[in-house]
1. Whether any residue in region 51-69 is of a type in the set (S, T, N, Q) and over 24 Å from residue 272 (Cβ atoms) is what I want to check.
2. So which residues in region 238-254 are surrounded by 20 or more Cβ atoms within 10 Å (Cβ to Cβ) and within 16 Å of ligand 4 (Cβ to nearest atom), if there are any at all?
3. Within region 64-159, considering only strands (runs of 3 or more DSSP E) that don't extend past its boundaries, which have at least 3 residues that are crowded, with 19+ Cβ neighbours inside 10 Å and within 16 Å of ligand 2 (Cβ to nearest atom)?
4. Would you mention how many residues in region 42-63 are closer than 20 Å to residue 233 by Cβ, open to solvent by 10 Å² or more (accessible area, probe 1.4 Å) and over 13 Å from the mean Cα position of the chain (by Cα)?
5. Look at residue 232 and say whether it is in contact with a helix residue (DSSP H, G or I) (Cβ under 8 Å, 6 or more places away or on another chain) and free of Cβ contacts under 8 Å to residues at least 12 places away in the same chain.
6. Could you check how many residues of region 163-173 are within 18 Å of residue 231 (Cα to Cα) and surrounded by 16 or more Cβ atoms within 10 Å (Cβ to Cβ)?
7. Residue by residue through region 186-212, note down the ones that are more than 16 Å from ligand 3 (Cβ to nearest atom), open to solvent by 30 Å² or more (accessible area, probe 1.4 Å) and touching a residue at least 12 places away in the same chain (Cβ under 8 Å).
8. What do you reckon, is residue 172 closer than 24 Å to residue 60 by Cα and away from ligand 3 (no atom under 16 Å from the Cβ)?
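The values are calculated or read from the model by the stated rules, or taken from the named source; none is laboratory data. Keep in mind that this is a model prediction, so the values were computed, not measured. No Cβ is skipped: glycine too gets one built from the backbone with ideal geometry, and neighbour counts run over all protein chains shown. Side chains are part of the model used for accessible areas, which takes the heavy atoms of the whole protein and leaves out ligands, DNA and RNA. Shrake-Rupley method; radii C 1.70, N 1.55, O 1.52, S 1.80 Å.
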Amino acid sequence: AKRNPERRFVYYEPGMREQSGFHLGLENDMRRAIAGSEFELHFQPKVDLDTRQVIGAEALIRWRHPTRGLVSPAEFIPIAEETGLIWEIGCWTLYEACRRLAGWTASGLSLPSVSVNLSPRQFQDARLVGLVTSVVEETGIDPSRLELELTESAMIGDIEKAVAILGGLKDIGVRLSIDDFGTGYSSLAYLKRFPIDTLKIDRSFVRDIVKSATDPAIVSTIVNLAESLGFDTIAEGVETEQQATILRNHRCSRIQGFLISRPLDVISFETFVRESSAA
Ligand code: C2E
Ligand code: CA
Ligand code: CA
Ligand code: CA
C-alpha cells in the first residue's frame, strides 16, 4: 500500500503487480535465496588507462539459482526493488564486499578500493547510514577504500534529503560515485551541492564513441565538468583499444570494461590482481 508520499519509489497494490508466474516465482525464490546464501559477488577491475594498474573493483551480484542457473541482476534487482527485498540483499552485498576487502588487505593483495552499487530504494532507506557505519566498524576496513555507486535517479526528487544522506555517508569516510552519469537528470545546481568523488561515464557514451560525431564531445564535457567541480571520472563499458584511445585523448584516465576484464568470480579476480601487479 502507498505510505509516505515523500518516498520516491512506487508501492504496487497487490492487484497491480505483474502477476506473471516468472516474477512471482522469482520473488518467492529470492526470499529463499537470501536465507540460503545463493548469492555471490563477482568483481570487475577498474584500471588506470595508461599504466593498466588496478585501482579498484566493482562488486556485482550474481544469483546461483538451483534450477534457473545464473540469474542476472538486471533481472532480479528490479523485482527486489519493487518488493523491498533489496534491503536484505543490499545488507548482504555490503557486508560481503567489505569482508572480501578486509580479507584481501590481510593477505596482502594490492587492491586500493572496492565499490558497491546502491539502488534508489536502498539510498532512500533511513537505515542506510547506520548500516554503512556498522559494516565499516565490524569488518574493520578503511572507509576511504569503500566506494558507493549511486545513480542520479536515487538523488532527484527531494534534493535536501539527498544532500543530507550523502553528507552522512561522507562523514563515515566512504567515497561516493554517480553511476551511469549523463543518463539521468542531474542539473549543475544539484551536482555542485553533492559531496561526491567520482562521475562514472555511462556505457552508452562509450559504446559508439569511435563512430559518433557527438559522443566524444559529451565525454569531453563530462571530464571538464568533473575537473572543475573537483571530481574524478571513470568510463565504464570499455570494450576496445580504439575506445580507450579516444577516451585518453579526451583526458579520461580511468576505465572499466571487457577490454580489461569481465566481472570475475573471487578466485579468478584474485589471480587477475596478482598477475597485473606482478607485471
Ligand atoms: P551497472 O552498475 O551499470 O554495472 C555495469 C554492468 O555492465 C554490469 O552488468 C557489468 O557486467 C556490465 N559490463 C561491464 N563492462 C562491460 C562492457 O565492457 N561491455 C558491456 N556490454 N557490459 C559491461 P551486471 O553485472 O549484469 O549488472 C547489471 C546492473 O545490475 C548493474 O549495472 C547494477 O545497476 C545492478 N547491480 C549489479 N550488482 C548489484 C548490487 O550488488 N546491488 C545493486 N543494488 N545493484 C546491482
Ligand atoms: Ca555500477
Ligand atoms: Ca554503470
Ligand atoms: Ca547501469
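1. The first filter runs over region 51-69 and keeps only residues of a type in the set (S, T, N, Q), leaving 51, 53, 67.
Those still in the list that are over 24 Å from residue 272 (Cβ atoms) too: 67.
The answer is yes, given that some residue of region 51-69 is of a type in the set (S, T, N, Q) and over 24 Å from residue 272 (Cβ atoms).
2. Listed by number, the list holds a single entry, 238.
3. So the answer is 114-118, 146-151.
4. Residues meeting the conditions: 7.
5. Taking the combined requirement at face value, the residue does not satisfy it.
6. 3
7. Of everything in region 186-212, those that are more than 16 Å from ligand 3 (Cβ to nearest atom), open to solvent by 30 Å² or more (accessible area, probe 1.4 Å) and touching a residue at least 12 places away in the same chain (Cβ under 8 Å) turn out to be 188, 190, 192, 193, 195, 210.
8. Judged against the criteria, residue 172 is a match.
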